[in-house]
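Here's the structure, in structure tokens; my notes come after.
The values are calculated or read from the model by the stated rules, or taken from the named source; none is laboratory data. The structure presented is a predicted model; accordingly, all values stated were derived computationally and were not measured. In this analysis, Cβ positions are derived from the backbone assuming ideal geometry, glycine residues included, and neighbour counts consider all displayed protein chains.
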Amino acid sequence: MFRPAITGTGVFTPPNVITNAELVTAFNAYADRMNAENAKAIAAGEMEPMQHSSEEFIVKASGIENRYVMDKTGVLDPAVMHPLLRQRDDDEPGIMTEMAVDAAKKALAQAGKTAADVDAVICAASNLERAYPAVAIEIQQALGIEGFAFDMNVACSSATFGIQAAADMIRAGSIRSALVVNPEICSAHLEWRDRDCHFIFGDVATATLIERIEDAKGPHFEILSTRCATQFSNNIRNNNGFLRRSRPDGMADRRDMQFMQNGRKVFKEVLPMVSQHIADHMAAEGVSNTDLKRLWLHQANKTMNDFIGKKVLGREPEPGEQPNILQDYANTSSAGSIIAFSQNSDDLVEGDLGLICSFGAGYSVGSVILRRHTS
Ligand code: CO8
């Protein structure tokens, strides 16, 4: 058996930021426009008027202040209300490949490695831009990696499930190393016209290089253990699959074809599931809450993370012990916990233990226990 370690991470941050103020201004203009267009139906009591969104609500309910997106012009145009992403030629890299390659190059550079050192690419994300050929294979080709590549999707838990798959293959000896990449274009499957969720998501890509520990050239994190679990729920759902054309109603823009969730239920049901999952994982590995130096949690909601942090540590987390990045990036699905890890792990010292945990649609939850090695 070989010991796997995370030797490098990288984050691609899109060039466009949308503040809550910009978002709310655009949404409210859209709502006013819809209400004016439907004034007669509203006056006749046949339709409810759309209500305004508010910056105060967004920060209070979620902790989110900004989000990065691949295109903001369409999102902020009340006549469009979705990103405008040009159709690419089949001979040029897809948008997910472009984002993932940037993150992957950063991860390789941090580890002091090149494409020749990588045996496999796993593209793990909550939505793939097409079914085939696998986006992972396009990323593999763009980076010049030999070996094999495949896609996987476990929504917000895609990165941790991908890390488990890579770590298991390294342990077993079928590969020496793998890049797990998480290009998330959440802006394209978010319903920006729905005030209940229009503030939740942003775009980003992350990459994690996992190698045999003896191949590490610098500081790294040994993967001591991984644990994944799923339990079916319809409370977070997207029905925009390839069967759309075959449906008798023939509609191309039904609400359920974008991100749908019952946020309150998700909150209530996922919190105990995640807290118990982490507690069980730590107990199975003999890790007590006093051993744990850092928690890198899925970045969906600040209150949710505060609750889980307190439950896992058995006390209020000290500043920096459970870093949040959602105020800047919003929910970036599978990439969130990896951004938190990538941006808040350098200061750990030899032997420190930390835990990455992601959770979301499925339901799904994945946790990874890590030990820091500084050389
Ligand atoms: N502005 C002002 N008021 C608002 C707004 C708004 N924008 N939105 C809602 N309100 C109102 C509501 O109408 C409601 O009013 P009333 O009390 O009169 O009915 C009131 O505010 C409270 O609304 P909610 O009950 O909905 O508010 P919550 O406090 O529950 O907060 C949250 C909503 C933030 C969504 C919260 O429930 C939450 O974070 N839940 C957990 C969500 C979660 O973790 N989901 C995971 C999804 S991520 C995932 O799995 C990946 C999926 C794949 C990626 C998809 C990419 C697009």
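Numerical summary
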read-out: Condition met for LEU179 (surrounded by 18 or more Cβ atoms within 10 Å (Cβ to Cβ), of a type outside the set (S, T, N, Q) and away from the ligand (no atom under 15 Å from the Cβ)); value: yes
read-out: Subset of region 142-164 (residues that are in contact with a strand residue (DSSP E or B) (Cβ under 6 Å, 6 or more places away or on another chain) and within 22 Å of ALA340 (Cα to Cα)); value: MET152, VAL154, ALA155, CYS156, SER157, SER158, ALA159, THR160, PHE161, GLY162, ILE163, GLN164
read-out: Test: residue in region 280-293 that is more than 20 Å from ASP347 (Cβ to Cβ), at pLDDT 90 or above and within 15 Å of the ligand (Cβ to nearest atom); value: no
read-out: Hits in region 198-217 (condition: within 14 Å of the ligand (Cβ to nearest atom) and farther than 22 Å from ALA340 by Cβ); value: HIS198
read-out: Count of residues meeting criterion [farther than 30 Å from LEU190 by Cα and surrounded by fewer than 24 Cβ atoms within 10 Å (Cβ to Cβ)] in region 109-144; value: 10
read-out: Sole exception among (1) touching a strand residue (DSSP E or B) at 6+ places or on another chain (Cβ under 7 Å); (2) closer than 21 Å to ASN301 by Cα for ALA279, by number; value: (1)
read-out: Contacts under 8 angstrom Cβ, first residue in region 222-238 being within 13 Å of the ligand (Cβ to nearest atom), partner basic (Lys, Arg), 6 or more apart; value: ASN235/LYS265
read-out: Check on ALA136, in contact with an Asp or Glu (Cβ under 7 Å, 6 or more places away or on another chain) and farther than 22 Å from GLN258 by Cα; value: yes
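A quick yes/no check of all residues on (1) within 16 Å of the ligand (Cβ to nearest atom); (2) more than 25 Å from ILE185 (Cα to Cα); (3) of a type outside the set (Val, Ile, Thr):
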| site | (1), (2), (3) |
| --- | --- |
| ASN20 | yes, no, yes |
| ASN28 | yes, no, yes |
| ASN35 | yes, yes, yes |
| ASN38 | no, yes, yes |
| ALA44 | no, yes, yes |
| SER53 | yes, no, yes |
